[in-house]
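Below is one structure, written out as structure tokens, with a few remarks after it.
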Amino acid sequence: MVVQASQNEKLDDVDVELSTQEGQVQRPRDPKMCHHNARQKCSHCLPIDPYDEEYLKSKDIKHMSFHAYVRKLTQGHGKGSKVRKPLETIRVKVDLTCDAHKPFPKGVCTRCRPPIMTLNRQRFRHVDNISMENQDFVNDFLNFWRKSGHQRVGFLIGRYESFPDVPLGIKAQVVAIYEPPQATSDNGVKLLDDKNKEMVDKVCDWLGLKVIGWIFTDLWSADLKKGTVHCTRNANSYLLSAEECITAGWLQNQHPNITQFSLDGQYGSKFVTVVASGDENQEVSFHGYQVSNQCAALAEANVLCPTQFPELAYIREKPLDESQYITDVQFTMKNEYGAEVTKDGRPLPVEFLLVDVPAGMRKDPAHTFHRLQTHQFHVENRETLGEIQGGQNLTEYCDQFSLNQFLEQATNFHFLLYLATNDMVKFTDEELQQLCDSVRYVAREQAMDWARENEKWHTLVALSHQQQAQGGPAIPTTSSGGQSSKWDCPHCTYHNDDVLTECSMCGLPRE
Amino acid sequence: MQHWLRENMAGVFMPGMGGGPSSYGCQLRAFSAVYFVQADTKKIQEIQHGGKAILPASILDHMLQLNNQQSVMLFKVMNPSSDRQRATHCGVLEFSAEEGRCYLPQWIMLQLGLEEGDDIRLESVQLPKATYAKLKPQSLDFLHITNPRAMLEVELRKWACLTKNDRIRVVYNDQPLELVVQDLKPQNAVCIIECDVNLEFDAPEGYQEPSYNEQGPSSSTVKPPAPLLPAAAQAFTPFGGGGMRLDGKTPSSGSLISQNQEKLQEAEIPAPFCITDYQPGQLGFVRYDYRCREVQVKEKNEREKAAGEPIRNAFTGSGATIRKHRY
């Protein structure tokens, strides 16, 4: 029996791929300096290391890639674990398991106390580029704001790929956006508890995808006729607010980066943050960020707080409970006289916590999931807009496809997720996995077989047809609306239409 | 005190009535219901929240003399002294007022701009039956009524007729509700007794459609400026008092000190404070032209520099000694 590691313990494919690569940057023969023949190499044309500072500077790469950074740390000789596994997770919490004395509030020693943290610019980044596969799903996401004027948060679904523009670089390829339950308003948004979170992860896993980041809109329309938006995030205001940094850190901690180069087995996170906001030209643009591992560690220890100024964070002054240890955080900056001074992290400008990641649309759009111009399948959790999945929407969506096109029909992330999470018909994991597999490997026959043979699918289609005929809501509601015309079967509790005299489910009489 | 006028209303003839004068008019002094001697609270309420007036008995006599086949007696009430000729219509509750006086509901008094005891002109009229009426409630309380139609069916029984632009007041559940008559058919004044009316409501005054489907809160192209910070605590301002003159003239203003004082009024930029109970997952976005604290401080310093060094620290000069320091 093969025991498969859960997704949280598995190395990403891209990490496996990159760790086997040489990573050296090949240089062509220098026409001026090289005086040797073509088969020879000299110091002007020898391949250089992927972490070469000058090379990165010449290519205008601000941060080296994660794997280049690891190469740099492991280049030394030796076989000790310090050399092979050089990465160490930043510790901000006090070690409560120190056996030299009583646990923290009663005793503390230099071993269990976290060191003073000096913030510095993170020299590497886990992800070097964010690429949106096509415009359509991004537009779908922005449509929420266009229709309601309210801001929105979504999780980016996609995969990590290698990114050849940066030596040993990683690119986050986004293919869909999942919108979790949230409370929205025109100037704020709040994530709510998501009961489908595990199911989303499962469906993504079956499709060979992952939740790779999050995106939020901060859009404020300037001129409705021209469709312009205000530029709220610039050098004079802020790029990412303290609240967003803390939330990004919190999410990054939930999605750790599994790596073999750390003793803990994980280090940092590849989870990215994308902001959709107005740029200088008052157009909607996307900016990608990650928060540094230091910020994520501070967020995990719950010592980082926002202030009334969005660009300033604050290190908590009073511990939340007595076992919380608040470490000192300092940073160095140039003061008005140009001298380097060390300052305490109260307050703390969040620019010390940011790593920016270029984000953009792919030049040659690809479509992992299909999108139709007519009768789209609604995005989840948009009931406030009146976009309700299932029922009429499902029927209209399905009516566009013949059985032969079932594969195209199923190649829609929101549709697959609806099958997995709907309240009416529960599919088993095996059934869903089968369908997802056929979507993942584009197996038309397999998808058609699934549609033909799966009883539950037929039930769901029939139910949504019935709902459409009744014009009722797609979500079975318990409100008084349709109750009067239904009766409950005393034998199997099935809700039957009033006109029927026997139960349509079990066939037993009404009385 | 009593002036009776009887007029033949030229031109107002009812068709098919043989040309006889069908209209009657007189002048009366109008009072609101509280002045009615015979009235108790209940009757006052009945007058106040209805569309019917109490008229003297002589009018009934005259109406009977006219001998027309009118089923309901309706009167046009006018304020002859008003700058703008204003008029409305009412029915009759009782003919029990003293001669020369009439008691009108409060809303008619307001409608016609009448004071207590002002003269009004009363003319008997005939109005067509209403087919359509459109009312606009004047407060959002109206939306809380479960069945406004039923409420109005009951309450409008106290009215005999409606006039366009009337601002009528009904009481429901001890709560006064104002309604403006926005539209009537077939005429601008109609009788509403024994008729089928198509009743329509306009959105109450001050009601806004929930703006869920509207794009964005503002459509202006300019970002609104930052909200004003609460003015800094009264800072010490040296020589901030005003001058006085013995001759009573106002002293010349615009002294250096008062100018400086105005600039000093600029609020201090507050120190950042820690929001300790923040839970991740909640984002708020600024919706004004925000500049980060550093820029705010820099701008403020520049403004102060441009305005010249204000007298910020009074009496801060150092002491001096005549004797030279020894080194």
*In the range A:198-208, what residues are open to solvent by 10 Å² or more (accessible area, probe 1.4 Å) and either within 12 Å of the chain's Cα centre (by Cα) or under 21 Å from A:Y289 (Cα atoms) (or both)?*
A:D201
*Do you know which residues across the range A:334-353 are open to solvent by 50 Å² or more (accessible area, probe 1.4 Å), in contact (Cβ under 8 Å) with a residue 12 or more places away in the chain and either part of a strand (DSSP E or B) or outside the structural domain of A:C305 (by TED's automatic domain parsing) (or both)?*
A:T342, A:K343, A:D344
*Which residues, counting only those in the range B:159-180, are under 15 Å from B:V197 (Cβ atoms) and not β-branched (V, I, T)?*
B:W159, B:A160, B:C161, B:L162, B:K164, B:D166, B:L179
*Just wondering, is there one or more residues in the range B:148-163 that are assigned to a strand (DSSP E or B) and not polar (S, T, N, Q)?*
yes
_Conditions (1) in contact with a helix residue (DSSP H, G or I) (Cβ under 9 Å, 6 or more places away or on another chain); (2) at pLDDT below 85; number of the one not met by B:L135_ = (2)
_Residue check for A:S285: more than 18 Å from A:F352 (Cα to Cα), open to solvent by less than 10 Å² (accessible area, probe 1.4 Å) and of a type in the set (S, T, Y)_ = no
*Looking only at residues in the range A:250-268 that are within 12 Å of the chain's Cα centre (by Cα) and crowded, with 23+ Cβ neighbours inside 10 Å, which one is farthest from the other protein chains (Cβ to nearest Cβ)?*
A:Q252
*asked:* Cβ contacts < 7 Å: first residue without any contact (Cβ under 8 Å) to a residue 40 or more places away in the chain, restricted to the range A:227-245; second residue in a loop (DSSP other than H, G, I, E, B), any location; separation 6+ or different chain. Result?
replied: A:N236/B:R291; A:N236/B:C292
*Scanning for something crowded, with 22+ Cβ neighbours inside 10 Å and more than 10 Å from chain B (Cβ to nearest Cβ), does the range A:222-242 turn up at least one residue?*
yes
*Is it the case that some residue within the range A:189-207 is under 27 Å from A:M64 (Cα atoms) and assigned to a loop (DSSP other than H, G, I, E, B)?*
no
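For the range A:156-168, give me the residue count where each residue is surrounded by fewer than 24 Cβ atoms within 10 Å (Cβ to Cβ) and of a type outside the set (S, T, N, Q).
If we filter the range A:156-168 for residues that are surrounded by fewer than 24 Cβ atoms within 10 Å (Cβ to Cβ), which is where we start, we get A:159-166.
When the remaining residues are screened for being of a type outside the set (S, T, N, Q), the result is A:159-161, A:163-166.
Counting residues in the range A:156-168 that are surrounded by fewer than 24 Cβ atoms within 10 Å (Cβ to Cβ) and of a type outside the set (S, T, N, Q) gives 7.
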*asked:* Looking only at the range A:291-333, how many residues end up being surrounded by fewer than 21 Cβ atoms within 10 Å (Cβ to Cβ), within 11 Å of another protein chain (Cβ to nearest Cβ), in a loop (DSSP other than H, G, I, E, B) and hydrophobic (A, V, I, L, M, F, W, C)?
replied: 1
_Show me the helices (runs of 4 or more DSSP H) found entirely inside the range A:13-111 where at least 2 residues are within 30 Å of A:L209 (Cα to Cα) and among the aliphatic types (A, V, I, L, M)._
A:13-20, A:66-74
*Tally time: how many residues in the range A:51-73 are open to solvent by 40 Å² or more (accessible area, probe 1.4 Å) and more than 24 Å from the chain's Cα centre (by Cα)?*
11
*Output the residues belonging to the range A:91-125 that are under 31 Å from the mean Cα position of the chain (by Cα), among the hydrophobic types (A, V, I, L, M, F, W, C) and open to solvent by less than 60 Å² (accessible area, probe 1.4 Å).*
A:V92, A:V94, A:M117, A:L119, A:F124
*Would you pick out the residues in the range B:173-190 that are within 22 Å of B:Q45 (Cα to Cα) and in contact (Cβ under 8 Å) with a residue 40 or more places away in the chain?*
B:P176, B:L177, B:E178, B:L179, B:V180, B:V181
_Single condition A:V275 does not satisfy, out of (1) away from chain B (no Cβ under 14 Å); (2) open to solvent by less than 20 Å² (accessible area, probe 1.4 Å)_ = (1)
*State whether the residues of the range A:211-221 include one that is among the β-branched types (V, I, T), assigned to a strand (DSSP E or B), within 14 Å of chain B (Cβ to nearest Cβ) and in contact (Cβ under 8 Å) with a residue 60 or more places away in the chain.*
yes
*Within the range A:40-50, is even one residue surrounded by 10 or more Cβ atoms within 10 Å (Cβ to Cβ), touching an Asp or Glu at 6+ places or on another chain (Cβ under 7 Å) and among the aliphatic types (A, V, I, L, M)?*
no
*Of the conditions (1) of a type outside the set (A, V, I, L, M); (2) out of contact with any Gly (no Cβ under 8 Å at 6 or more places or on another chain); (3) over 20 Å from A:I258 (Cβ atoms), A:P180 fails just one. Which one is it?*
(2)
_Return the residues of the range A:5-39 that are at pLDDT 85 or above, of a type in the set (S, T, Y) and open to solvent by less than 90 Å² (accessible area, probe 1.4 Å); say none if nothing qualifies._
A:S19
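With respect to A:S131, is the statement that it is assigned by TED's automatic domain parsing to the domain that holds A:P256, in contact (Cβ under 8 Å) with a residue 60 or more places away in the chain and either surrounded by fewer than 18 Cβ atoms within 10 Å (Cβ to Cβ) or under 23 Å from A:K270 (Cα atoms) (or both) true?
yes
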*asked:* Residues to consider are A:C42, A:C98; find the one that is touching a His at 6+ places or on another chain (Cβ under 9 Å) and either at pLDDT 85 or above or not assigned by TED's automatic domain parsing to the domain that holds A:Q122 (or both).
replied: A:C42
*Are any of the residues in the range B:43-65 within 23 Å of B:L152 (Cα to Cα), in contact with a strand residue (DSSP E or B) (Cβ under 6 Å, 6 or more places away or on another chain) and polar (S, T, N, Q)?*
no
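Can you spot a residue in the range A:85-94 that is within 14 Å of chain B (Cβ to nearest Cβ) and touching a Phe, Trp or Tyr at 6+ places or on another chain (Cβ under 6 Å)? Reasoning before the result, please.
First pass over the range A:85-94, keeping only residues within 14 Å of chain B (Cβ to nearest Cβ): none.
No: the range A:85-94 contains no residue that is within 14 Å of chain B (Cβ to nearest Cβ) and touching a Phe, Trp or Tyr at 6+ places or on another chain (Cβ under 6 Å).
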*Given the conditions (1) open to solvent by less than 90 Å² (accessible area, probe 1.4 Å); (2) in a loop (DSSP other than H, G, I, E, B); (3) acidic (D, E), which single one is not true for A:D136?*
(2)
_the range A:358-401: number of residues that are closer than 21 Å to A:V274 by Cα and not in a loop (DSSP other than H, G, I, E, B)_ = 3
*Out of the range A:355-385, which residues are within 14 Å of chain B (Cβ to nearest Cβ) and either open to solvent by less than 70 Å² (accessible area, probe 1.4 Å) or in contact with an Asp or Glu (Cβ under 8 Å, 6 or more places away or on another chain) (or both)?*
A:R382, A:L385
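The values are calculated or read from the model by the stated rules, or taken from the named source; none is laboratory data. This one's a predicted model, so the numbers in the text were calculated from it and none came from an experiment. Ideal geometry is used to build each Cβ from the backbone, glycine not excepted, and the neighbour counts take in all protein chains shown. Ligands, DNA and RNA are stripped out before the accessible areas are found, and what is left, the full protein with its side chains, is counted by its heavy atoms. Shrake-Rupley method; radii C 1.70, N 1.55, O 1.52, S 1.80 Å.
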